[in-house]
Amino acid sequence: SKTISKCYVQVTGMTCASCVANIERNLRREDGIHSILVALMAGKAEVRYNPAVIHPAAIAELIRELGFGATVMENCGEGDGILELVVRGMTCASCVHKIESTLMKTNGVLYCSVALATNKAHIKYDPEAIGPRDVIQVIKDLGFTTSLVKKDRSASHLDHKQEIRQWKRSFVVSLVFCIPVMGLMIYMMVMDSQLSDAHAHHNMSSEEMEALHSSMVLEYQLLPGLSVMNFLSFLLCVPVQVFGGWHFYIQASRALRHNTANMDVLVVLATSIAFLYSFVILLVAMAERARVNPVTFFDTPPMLFVFISLGRWLEHVAKGKTSEALARLISLQATEATIVTLGPDNVLLSEEQVDVELVQRGDIVKVVPGGKFPVDGRVIEGHSMVDESLITGEAMPVTKKPGSTVIAGSINQNGSLLISATHVGADTTLSQIVQLVEEAQTSKAPIQQFADKLSGYFVPFIVAVSVVTLFAWIIIGFVDFEIVEKYFLGYNKSISAAEVIIRFAFQASITVLCIACPCSLGLA
């Protein structure tokens, strides 16, 4: 008897089913090649050959001559089937041992582990020698009931609805409170420029100046040191800080717990410090009964939250779109298959309905008119038209006759077909597409990895810079007060120099923090 070896060849440059047919047809003619199976999506050919006549490198060379790229894959474990089962009726460790030892003795089972606590069995097998149904039968013969671990077909893990909702809510809340704050700010700016114009034309008497100052409704003091402007800003800022920033706070605390600093930490730091500083300054001003209203940063948190939550919201909407397409793809898979047993002259002896996961390579599957093909395969008997638009996009049905290949998920139209399964489970074209899309979603673009790495250093760096700013200005102020006086306009002459310096230093360092937050890196 000839020994038959098996090797896998990675094939690149295949574009469609005719490439697959071309490779299979040409290689079958070669001496020493027993059979060949090519999977288009996985870009992989499984070749069974006679090592006495031909070796894998020569097989790859044959494929190259047809105009494709081909390399022999070293790890042949690729072909192992993996099976997850729920086993009921185990009572003790000896049951576990009984199942494991019996399975390991079975030809074709490579590895087996049974967990008593979870009632689960994990089995690796060689699809050439044995299939999932045989394994299940072995366990049943031992007197246990067993079934497949049900796969989640709904693809609910790909659903971004909840995140979309939460970021949308956070954006809307921030926006509602941000618009009035921005309005107040713009009004103040306009009034300030009018004031400075008035200052520029020194022809106004001091009484008129006073009148103009007090006519600014927003500068009117409700309590000494508490102007209408600051009070309104404070009221508008609180809900944003609490509702708009809720998710940021949660995520920032998680990040800090794991000793990492991400953009959320920076956002939370900047907004909290701006908010708390402004709040403390207000209290101090009220305690001092200051006549000049202090400069506050209540406008910062709402605007930051608006920009950043808008970014997050859009990001999740985009992710949701991809996932939706993926969920639709997954839903195209058939759930059951009708396996038939053929006698001599292709006479139907029996047929049974089984789960798609239980179909083995080489099984004969019957597909009725209007049914979906459960697995990729080759037609053995029957003629029909098949709608393959889900993979190829062509609207016209394709004629299938004995020898034609069929794709899982496509729909059989008018004739009944018998097909022999060639690719089952995770190897079907549809599963491969789903897997590729999932991988594309979970893997990061190189530039994104770089950005993530940078932002890890970026956050501590910014915090350090703002702290340096704080101390630098305090030192400058105590060494040479004139410089601070030059930049810190309109401070109240009634407060001490030390306090002026510290206030100014704080403003400078908060400005650094707040500007670093909505920077392009953070938003991107």
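The values are calculated or read from the model by the stated rules, or taken from the named source; none is laboratory data. Since the structure is predicted, the reported quantities are computational estimates derived from the model, not experimental observations. Cβ placement follows ideal geometry from the backbone for every residue including glycine, while neighbour counts extend to all protein chains displayed. What goes into the accessible areas is simple: the full protein's heavy atoms, side chains included, and nothing from ligands, DNA or RNA. Shrake-Rupley method; radii C 1.70, N 1.55, O 1.52, S 1.80 Å.
Is it true that Glu394 is more than 39 Å from the chain's Cα centre (by Cα) and open to solvent by 60 Å² or more (accessible area, probe 1.4 Å)?
Answer is no for this residue.
With Leu282, Leu269 as the choices, which residue is of a type in the set (A, V, I, L, M, F, W, C), farther than 30 Å from Pro224 by Cβ and outside the structural domain of Lys372 (by the TED database)?
Leu269
Search segment 40-51 for residues being part of a loop (DSSP other than H, G, I, E, B) and of a type in the set (A, V, I, L, M, F, W, C), and hand back the single one that is least open to solvent (accessible area, probe 1.4 Å).
If we take residues in segment 40-51 being part of a loop (DSSP other than H, G, I, E, B) and of a type in the set (A, V, I, L, M, F, W, C), then Ala42 is least open to solvent (accessible area, probe 1.4 Å).
Only one residue in Ile54, Ile36 is at negative phi and outside any strand (DSSP E or B). Which one?
Criteria check complete, one pass: Ile54.
Assuming Leu266 fulfils every condition listed in (1) in a helix (DSSP H, G or I); (2) farther than 22 Å from Ile515 by Cα apart from one, which condition is it?
All conditions are met except number (2).
Go through (1) at pLDDT below 90; (2) open to solvent by 50 Å² or more (accessible area, probe 1.4 Å); (3) more than 20 Å from Leu436 (Cα to Cα) and name the single condition Ala21 misses.
Every listed condition holds for Ala21 apart from (2).
Any residue that is under 21 Å from Gly403 (Cβ atoms), open to solvent by 10 Å² or more (accessible area, probe 1.4 Å) and part of a loop (DSSP other than H, G, I, E, B) - is there at least one of those in segment 341-352?
yes
Report yes if some residue within segment 64-77 is farther than 26 Å from Tyr111 by Cα, without any contact (Cβ under 8 Å) to a residue 12 or more places away in the chain and more than 32 Å from the chain's Cα centre (by Cα); otherwise report no.
yes
Kindly indicate whether any position in segment 284-295 is open to solvent by less than 50 Å² (accessible area, probe 1.4 Å), among the polar types (S, T, N, Q) and out of contact with any Phe, Trp or Tyr (no Cβ under 9 Å at 6 or more places or on another chain).
yes
From the list Val368, Val386, Val375, pick out the single residue that is closer than 30 Å to Tyr125 by Cα and among the hydrophobic types (A, V, I, L, M, F, W, C).
Val375
Can you pull out every residue in segment 405-433 that is open to solvent by less than 20 Å² (accessible area, probe 1.4 Å) and in a loop (DSSP other than H, G, I, E, B)?
Ala408, Gly409, Ser410, Gly415, Thr428 - these are the residues of segment 405-433 that are open to solvent by less than 20 Å² (accessible area, probe 1.4 Å) and in a loop (DSSP other than H, G, I, E, B).
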